[in-house]
Amino acid sequence: MIIRRSHNPAQTQVYFALRENSEEATAVHRQPVEQQKQFWADRFRDAGWQTGRFLDGMWDTEFFYSQEAVQVRTDTWSRGRVALVGDAGYCGSPYSGRGTSAALVGAYVLAGEINRNPADLPAAFATYRATLRPFVDRVQGEVNPKVLRFGFFRKARRESASSAPGRRQPRS
């Protein structure tokens, strides 16, 4: 999926999103920026629309960021004196629009429970979890994996990247 945003006539932001379950896709975000750019160029160069222009801009920009989007689901939100809040403990999804709400509600509930049980953090954390769990389950349940697949093309549908005319060839 490709998303384009323009804030003014001189600046365009482009977001590439890809559904790929591979070791390379998971690890690329820890590689040097040139390798990250190559990863995205390899997957999108033949995607059509304005992709050639976007990829050219990607190679030239200093404002580049690549990250794997994941969802955190865990039964435990605390250990010892540390508690998880928001995306660290219960990410809805980057596509749900509920991350900030969940984080604010979670922080509010956690602060209230610590205030009620300042000398007993395990009790505060247990009540935090019991109070917030139904809300988090609802937020995470709203994320339908089938909907997230919409817009993501599969590699098998791509044409040969080397035959795409007018596109910058991969850098070695």
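Please treat every number below as a calculation from the coordinates, not as lab data. The structure displayed is predicted, hence computed values, not measured ones. Glycine also receives a Cβ, built like all others from the backbone with ideal geometry; neighbour counts cover every protein chain displayed.
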Exercise. Quote to one decimal, in nm, the extra length available between Asp120 and Gln31 on full extension: 0.36 nm per residue of separation minus the C-alpha distance between them.
Key: 27.7 nm
Quiz prompt | In sequence order, calculated HN-Hα J values of the range 47-60 (Karplus, 6.51, -1.76, 1.60; Hz; x Gly/Pro) | solution = 7, x, 6, 9, 4, x, 5, 5, 5, 4, x, 4, 5, 8
Practice problem: Could you pull out the chymotrypsin sites (Phe, Trp or Tyr not before Pro) across the range 26-61 that fall in loop regions by DSSP (anything but H, G, I, E, B) with no more than 13 other Cβ atoms inside 10 Å? | Solution: Trp49
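Using DSSP to call loops (not H, G, I, E or B), can you name the trypsin sites (Lys or Arg not before Pro) in the range 1-95 whose Cβ has at most 12 other Cβ atoms within 10 angstrom? Don't skip to the answer; put the middle values down first.
Values: sites: Arg4, Arg5, Arg19, Arg30, Lys37, Arg43, Arg45, Arg53, Arg73, Arg79, Arg81; in loops: Arg19, Arg45, Arg73, Arg81.
Passing both the DSSP loop test and the Cβ count: Arg73, Arg81.
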Self-check item: Computed lengthening from Leu104 to Trp49, 0.36 nm per intervening residue step minus Cα-Cα distance
Solution: 15.9 nm
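Tell me the relative contact order for the range 11-149 as a rounded percent, counting alpha carbon contacts under 8 Å between residues six or more apart.
17 percent
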Quiz item: Any idea how far apart Asp56 and Ile3 come out in nm if each label point goes 7 Å out from Cα toward Cβ?
Solution: 2.5 nm
Quiz item: What list of ³J(HN,Hα) values in whole Hz, one per residue of the range 126-140 in order, does the Karplus curve 6.51 cos²θ - 1.76 cosθ + 1.60 (θ = phi - 60°) give from phi, with Gly and Pro shown as x?
Solution: 5, 5, 3, 5, 4, 6, 8, 3, x, 5, 5, 4, 5, 4, 5
Practice problem: Could you run the Karplus curve 6.51 cos²θ - 1.76 cosθ + 1.60 with θ = phi - 60° over the range 104-112 and give me ³J(HN,Hα) per residue in whole Hz, x for Gly and Pro? | Solution: 5, 4, x, 5, 5, 5, 4, 4, x
